[in-house]
Amino acid sequence: MPKQTVRIVIDNGGSTCKVGFAGQPDPVRLMTNGQAKSKSEHKVFVADQFDSCNDFSALQYRLSLERGCLVNWDTQAEVWARAFGPDVLRINPSECSLLLSETPLCPTAIQDTLDEMVFEHFGFDSYCTRQAPVLAALAMQQQQQQQQQKAQAQPTAAAAAAEDAGGASSARPATLVVDCGFSATHCVPIFGGVPLNFATKRLNVGGKMLTNHLKQIISYRSYNVMEETHLINDVKERLCYVSLDLPAELALTRFKGKKNTLRRDFIMPDYVNHFKGQIRDPNAPEPPKTAPEPPAAAAAAAAAATKKGTKTGAVAAEEQVLHLSNERISVPEILFRPSDIGLEQAGVAECVVQAVEACLPDLREALYSNVVVTGGSSRFPNFGERLQRELRALVPADMEIGLTHASDPLLATWRGGSLFASSEAYPSQTVTRAQYHEEGHALCRRRFLSQQCW
């Protein structure tokens, strides 16, 4: 591969597509991986065009991936065309090498069609794929090494403990990645930089299912929001959290008034004056009252408001408020108890144990001691602590549990891809356009089978 070839890294997620250049700490753009049609604006927004949308109500989405697999090829081609175009990366694919993340256990038919899109539709010079959890593990390895270096620069007791923990986990060749994504949650054991596909476990619960479940609950209890995907996703990300004591907090939600400390009010935007919802705590102390206005001033203000048609009472009556209480903890609880909604699958902690138990006994202790959590759905507050507690109850007492949360779970995969694509070993792992035209899909499957990144 020529030295002047530009290396492009794409983390092709189910909800967002992260694109950028190899060797950079962050992607150039994080954009929606699909299309959105606005009823009010009568426009179709593709990828980065979504940022210019003014009215997010009743958007109709067409995402590139369904259940983690690339199925809408025309939509994906449009998203990538926007990414490579003059508004984002400004590149010529024929002069570039592409590193692309893929979901674990991706069907071969989809991989073959992806080869055709990369080489025949866009005409890239060379190409390589890696599973998203493998790239996330590489990014976490660098994060642990940086923590170890900081600990060495600060020789205190706490820093020494952090140094021992960081050094121990970075030296271990075995890692278990828990990737809580948009479409599903994967538990992938990795040994020597290679994923163990025979032990990979999948839980069909991700950010999309949680958002849809919250839409159903709110539509049943208050407003019909089945078409307000963007709004309810915002509610989920800002108000929901993982409970550390579910029975006790559910008992609190049965109270009324200030005894219910979980209750929050979400004031929905009208997309005319307000474009983002506001959170209000009904139990918060009221602001101090100001001195009352003189009668003449109050009458003048009321008359002015009447002329403009903006009475305070009318504004308050126009507010649409969602009252959320037990919904804040019951929705993320599905990740740990899928049976709550009738899904006959194990929770995240049980999936981790099943993935480890499927490996050789000699690897199990090393895997339990180096569990890495990544993915957008792991950003719920208390997620890591809850997973640690549940694993401790399931794992034998003589085995240590080491759990590390990515500093930015949403970008961990892309950052790992940036590290791998800028390494010296990367060119030998790619397939060039000439090689593809000579040997076809079989060469891609053989060369990408190892999935090794370090």
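The values are calculated or read from the model by the stated rules, or taken from the named source; none is laboratory data. Everything numeric in this text was worked out from a predicted model, so none of it was measured. Cβ sites come from the backbone with ideal geometry, for glycine too, and all protein chains shown count toward neighbours.
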Provide a single number: the residues in region 39-70 that are free of Cβ contacts under 8 Å to residues at least 24 places away in the same chain and aliphatic (A, V, I, L, M).
1
Tell me, yes or no, whether region 364-371 has at least one residue that is in a loop (DSSP other than H, G, I, E, B) and surrounded by 22 or more Cβ atoms within 10 Å (Cβ to Cβ).
yes
Please work out which one of (1) out of contact with any helix residue (DSSP H, G or I) (no Cβ under 8 Å at 6 or more places or on another chain); (2) buried (at least 23 other Cβ atoms within 10 Å of the Cβ) is the condition residue 387 fails and give its number.
(1)
Would you check if there is a residue in region 171-183 being of a type in the set (Val, Ile, Thr), touching a His at 6+ places or on another chain (Cβ under 9 Å) and at pLDDT 95 or above?
yes
Scanning region 104-122 for residues that are hydroxyl-bearing (Ser, Thr, Tyr) and over 22 Å from residue 84 (Cβ atoms) gives 108
Among the candidates 20, 34, single out the residue that is within 17 Å of residue 233 (Cα to Cα) and either at pLDDT 95 or above or not basic (Lys, Arg) (or both).
34
Based on what the data block shows, is residue 394 buried (at least 21 other Cβ atoms within 10 Å of the Cβ), in the same structural domain as residue 351 (by TED's automatic domain parsing) and either touching a residue at least 12 places away in the same chain (Cβ under 8 Å) or farther than 30 Å from residue 354 by Cβ (or both)?
no
Only unsatisfied item for residue 104, checking (1) under 26 Å from residue 409 (Cα atoms); (2) out of contact with any His (no Cβ under 9 Å at 6 or more places or on another chain), is (2)
Restricting attention to region 403-434, the residues that are under 20 Å from residue 347 (Cβ atoms) and assigned to a loop (DSSP other than H, G, I, E, B) number exactly 1
Can residue 29 be described as assigned by TED's automatic domain parsing to the domain that holds residue 433, modelled with pLDDT under 90 and under 19 Å from the mean Cα position of the chain (by Cα)?
no
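Residue-wise test of (1) surrounded by fewer than 16 Cβ atoms within 10 Å (Cβ to Cβ); (2) over 20 Å from the mean Cα position of the chain (by Cα).
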{"residue": "201", "(1), (2)": "no, no"}
{"residue": "220", "(1), (2)": "yes, yes"}
{"residue": "226", "(1), (2)": "yes, yes"}
{"residue": "231", "(1), (2)": "no, no"}
{"residue": "234", "(1), (2)": "no, no"}
{"residue": "238", "(1), (2)": "yes, no"}
For region 103-122, indicate whether the set of residues that are under 25 Å from the mean Cα position of the chain (by Cα) and among the charged types (D, E, K, R) is non-empty.
no
Please identify the pairs in which a residue from region 225-245 that is touching a residue at least 40 places away in the same chain (Cβ under 8 Å) has its Cβ atom under 9 Å from the Cβ atom of a residue that is assigned to a helix (DSSP H, G or I) and of a type in the set (Phe, Trp, Tyr), counting only partners at least 6 apart or on another chain.
241/383; 242/383
Could you tell me whether any residue of region 93-105 is out of contact with any Asp or Glu (no Cβ under 7 Å at 6 or more places or on another chain) and surrounded by fewer than 14 Cβ atoms within 10 Å (Cβ to Cβ)?
no
Would you check which residues across region 119-152 are of a type in the set (A, V, I, L, M, F, W, C) and in contact (Cβ under 8 Å) with a residue 60 or more places away in the chain and list them?
119, 124, 128, 132, 134, 135, 136, 137, 138, 139, 140
Selection from region 200-220 of residues that are touching a residue at least 40 places away in the same chain (Cβ under 8 Å) and assigned to a helix (DSSP H, G or I):
207, 208, 209, 210, 213, 214, 217, 218
Do we find that residue 125 is touching a His at 6+ places or on another chain (Cβ under 8 Å), over 24 Å from residue 206 (Cα atoms) and among the charged types (D, E, K, R) in this structure?
no
Does residue 131 count as at pLDDT below 95 and touching a helix residue (DSSP H, G or I) at 6+ places or on another chain (Cβ under 7 Å)?
no
Taking strands (runs of 3 or more DSSP E) that fall entirely within region 12-90, which contain at least 1 residues that are surrounded by fewer than 14 Cβ atoms within 10 Å (Cβ to Cβ)?
43-46, 60-63
